[in-house]
Every structure is written in C-alpha cells, then in structure tokens.
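Read through the structure below, which is laid out as structure tokens, and then see the notes.
The values are calculated or read from the model by the stated rules, or taken from the named source; none is laboratory data. Predicted model only: the values in this text are computed from it and were never measured. Please note: Cβ atoms are built from the backbone with ideal geometry, for glycine as well, and neighbour counts cover all protein chains shown.
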Amino acid sequence: MNVLEVKNLSVRYRDIEALSGVTFEIAAGDYVGVVGPNGSGKTTLIRALLGLMPFDGEITLLGRKIKDFSGWRHIGYLPQKMAFLDQRFPATALEIVVSGLYCRKKFPKTASRSDYIKAENTMELLKIGDLKDRPIGKLSGGQQQRVLLARALTHDPDVLMLDEPTVALDPRSREAFYLTVQALNKDRGVTVLLVSHDTGSVGKYASKLMYLDRSMVFYGSFEEFCKSENMADYFGTSAQHLICHRH
Ligand code: ADP
Ligand code: MG
C-alpha cells in the first residue's frame, strides 16, 4: 500500500512559488531522504503533507485525501528546530514528551498514568531517561532535539516526518540519531520521511532520495542518484562525485 501519494503539488507564499508540479509516491516501509539547498521547499513540502499549508494538486495520506484525513495518531512529526525554547519555558522534558500523547486526545486533554509510563519508556529508548525532570529550556540543543524526537515517537506512529533533525547535534549524536531512526524503519517497519541538507549522510541511511529545488529534480535510490546524468548536470560531475564518494 502507498502511505503517501502526491500529484502535481504546488504551494505559493504570496509572490513566491515555493513548490511546483511535485509528484511522487511513498510505499509503506520506505525510508525517503528529502534533500536540497536552503529555500528549496523542503519544510514547505512537509507542512503541506501535514495539512498545514494551502496547496494546489492532490495529497493522499494513508488512503485519505488530506482534507478528510483524521488519523493523526499514525503520524509522528518533528518540526525544524525552533529557537523559542526560552530558558524559563515552564515544562520539563518529560512533560514535553507526554504532550505528544495528549494533544492528540479529544477533551478532556489530560495525561494519564499510562501516558507518563509510555513517555518515560520512549525517553529510555532514546537514552535520555536521565533528562526527564529537567526544564526543557535548560537543555542543550542536541538534548532538546532528542526530547522532541521522543515526543514524535511516543504514540508509536506508522509514519515519521522529520525536518532537519540533526542540525543541533554533534557528529556522534548525529550518527546515533540516524541509527535510531534506521532501527525504527527496519525493525518496526515505520515509514520515514527525513528532510536534510546533508545529501551524503542521508544517502547513507535512506532507501530513496528525493532532491528538491522548488520542483522535483530527482527521485530514486542513492545509487541511481550517483549515476544520474540529470544530477551530474545539476551539480557538475565533480560535486556529484564528492557526494557519492563520501558514501
Ligand atoms: P527549505 O526548508 O528547503 O529551506 P522552505 O520550505 O522553508 O525551504 O522555504 C521555501 C521558500 O519559501 C523560500 O524561498 C522561503 O523564503 C519561502 N518561505 C518559507 N516560509 C515562508 C513564509 N511563511 N512566508 C513567505 N515565504 C516563505
Ligand atoms: Mg527547512
């Protein structure tokens, strides 16, 4: 079954056409890396797929048109890192993770004891159990990012959408992060859509690569990407070699 079907998607911000004519499908169990330069429409794509942006074209998520879609509990979303987490932001790491569960509930929106246990287990899984009682604003960027990942994971989503998840991480935590996501994909069959501007490291983990530059420039495997004449024209042969050589 296709998890996602996108046909001729276009998104505008007033005078900017951020995306035009984007068409692709993602099958259950795929791990798609979305790459492209700054401003190429990656965040816009994710936001449109989550029903957060007006768009032209057609988006079908888990078999439902996006405007009729209600199965948000099957979707996990890690937004691009926000700068607003003030030192004094009045929530602990555990409360942030728990909020990933109760914001999907109908009223009354209160967290149950089992919600807290679930959230704690997810934090253990990501090896951040020791952070649970710390105020979120006092954590490092990398720690905050892992807390937000735990929040996106704690309701066992079937589809995970991650927007630049490793920007605030040092190289070692970055590797650990990618391995965690890979294990979710391989062992639990979670479908992953991961946005990054780092083509090389995404190519290493994802089973498919999408290269966006306001429209779809490439969609296929990393091996196909490295052989693609289209990509050689786009980057120049030497830059393409550099990306593929690091693999
Ligand atoms: P990426 O995530 O690939 O860096 P974005 O999807 O954030 O790219 O942005 C794509 C284009 O849309 C950029 O030119 C950006 O400046 C523009 N854009 C993004 N958000 C807005 C907004 N809220 N209002 C107007 N223009 C926007
Ligand atoms: Mg972005």
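In the range 175-247, counting only helices (runs of 4 or more DSSP H) that sit wholly within it, the ones holding 1 or more residues that are β-branched (Val, Ile, Thr) and under 24 Å from Ala18 (Cα atoms) span 199-205. Can you find even one residue in the range 67-90 that is over 24 Å from Ser221 (Cβ atoms), away from ligand 1 (no atom under 16 Å from the Cβ), crowded, with 17+ Cβ neighbours inside 10 Å and among the small types (Gly, Ala, Ser)? There is at least one residue in the range 67-90 that is over 24 Å from Ser221 (Cβ atoms), away from ligand 1 (no atom under 16 Å from the Cβ), crowded, with 17+ Cβ neighbours inside 10 Å and among the small types (Gly, Ala, Ser). Taken over the range 202-224, the criterion of being touching a Ser or Thr at 6+ places or on another chain (Cβ under 8 Å) and crowded, with 18+ Cβ neighbours inside 10 Å is satisfied by Val202, Lys208, Leu209, Tyr211, Leu212, Arg214, Met216. Taking the range 17-36 as the range and being within 7 Å of ligand 1 (Cβ to nearest atom) and at pLDDT below 95 as the test, only Gly36 passes.
Annotation for the range 54-64: no member residue is touching a helix residue (DSSP H, G or I) at 6+ places or on another chain (Cβ under 9 Å) and modelled with pLDDT under 95. Of the residues in the range 87-108, none is more than 30 Å from Gly141 (Cα to Cα) and in contact with a Ser or Thr (Cβ under 9 Å, 6 or more places away or on another chain). Candidates in the range 157-179 are the residues that are β-branched (Val, Ile, Thr) and crowded, with 17+ Cβ neighbours inside 10 Å; of these, the one that is farthest from ligand 2 (Cβ to nearest atom) is Val159. Please indicate, with yes or no, whether at least one residue in the range 52-69 is more than 13 Å from ligand 2 (Cβ to nearest atom), within 16 Å of the chain's Cα centre (by Cα) and not in a strand (DSSP E or B). Within the range 52-69 (the criterion being more than 13 Å from ligand 2 (Cβ to nearest atom), within 16 Å of the chain's Cα centre (by Cα) and not in a strand (DSSP E or B)), the answer is yes, since at least one residue qualifies.
Note on the range 5-16: residues that are within 11 Å of ligand 1 (Cβ to nearest atom) and either buried (at least 16 other Cβ atoms within 10 Å of the Cβ) or at negative phi (or both) amount to 5.
Every residue, every condition in (1) within 16 Å of ligand 1 (Cβ to nearest atom); (2) under 29 Å from Val11 (Cβ atoms); (3) not β-branched (Val, Ile, Thr), yes or no:
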{"position": "Phe177", "(1), (2), (3)": "no, yes, yes"}
{"position": "His197", "(1), (2), (3)": "yes, yes, yes"}
{"position": "Ser201", "(1), (2), (3)": "no, yes, yes"}
{"position": "Val217", "(1), (2), (3)": "yes, yes, no"}
{"position": "Asn230", "(1), (2), (3)": "no, yes, yes"}
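Scan the range 17-33 and give yes if some residue there is outside any strand (DSSP E or B), under 27 Å from Asp187 (Cβ atoms) and within 16 Å of ligand 2 (Cβ to nearest atom), otherwise no. There is no residue in the range 17-33 that is outside any strand (DSSP E or B), under 27 Å from Asp187 (Cβ atoms) and within 16 Å of ligand 2 (Cβ to nearest atom).
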